[in-house]
Amino acid sequence: MLQQYPMYAYIPAKDIARARRFNEDKIGLRAKEETNGGVVYEFGVGTAAFLYLTPNAGTSRASQAFWSVPDVDAAIQSLKARGVEFERYDDMPGERSAQGAITAGGAKAAWFKDSEGNIMALIQTLSKG
């Protein structure tokens, strides 16, 4: 039933102003609107995320959200140039690129933490063959 409807991500923040500075200054997002004490960011293909205030920000040990990008290594370089620091998971299986992305299971991925401690990911789907 729900497959036919758009799905949106929530991005938890302990400090909205700090999170906005990270999202807008470091990774280059543009806010669409402020609503209900939070901020809406729109992305490609009609997707969006809502940055909202909660004391639970940064408590998940799993990825909070990911961006599907055409070239993870290029995205890593671009974000590093803006001051984003990437996580290194040495226990993760797969081949590591020069930029630090992991290739395994038909995808290339990299992870960083936002200002609130949320784990965010970049994923590149690799063609088969």
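Results, tabulated for the structure shown:
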| item | result |
| --- | --- |
| Selection from segment 4-30 of residues that are within 22 Å of residue 83 (Cα to Cα) and assigned to a strand (DSSP E or B) | 11, 12, 13 |
| Conditions (1) touching a residue at least 12 places away in the same chain (Cβ under 8 Å); (2) in contact with an Asp or Glu (Cβ under 9 Å, 6 or more places away or on another chain): number failed by residue 114 | (2) |
| Lone unmet requirement of (1) closer than 24 Å to residue 38 by Cα; (2) modelled with pLDDT of 95 or more for residue 61 | (2) |
| Tally, over segment 69-94, of residues that are under 16 Å from residue 127 (Cα atoms) and either surrounded by fewer than 16 Cβ atoms within 10 Å (Cβ to Cβ) or modelled with pLDDT under 95 (or both) | 2 |
| In segment 96-121, the residues that are in contact with a helix residue (DSSP H, G or I) (Cβ under 6 Å, 6 or more places away or on another chain), over 26 Å from residue 19 (Cα atoms) and outside any loop (DSSP other than H, G, I, E, B) | 108 |
| Answer from 10, 5 - the residue that is hydroxyl-bearing (Ser, Thr, Tyr) and either touching a helix residue (DSSP H, G or I) at 6+ places or on another chain (Cβ under 7 Å) or modelled with pLDDT of 95 or more (or both) | 10 |
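Conditions (1) of a type in the set (Ser, Thr, Tyr); (2) more than 16 Å from the chain's Cα centre (by Cα), marked per residue:
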| residue | (1), (2) |
| --- | --- |
| 55 | no, yes |
| 63 | yes, no |
| 68 | yes, no |
| 71 | no, no |
| 80 | no, no |
| 87 | no, no |
| 90 | no, yes |
| 96 | no, yes |
| 109 | no, no |
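Quick grid of which residues meet (1) among the acidic types (Asp, Glu); (2) farther than 30 Å from residue 5 by Cβ:
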site	(1), (2)
35	no, no
41	no, no
72	no, no
98	no, yes
104	no, yes
114	yes, no
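The values are calculated or read from the model by the stated rules, or taken from the named source; none is laboratory data. Remember, predicted model here, so these are calculated numbers, not experimental data. Glycine also receives a Cβ, built like all others from the backbone with ideal geometry; neighbour counts cover every protein chain displayed.
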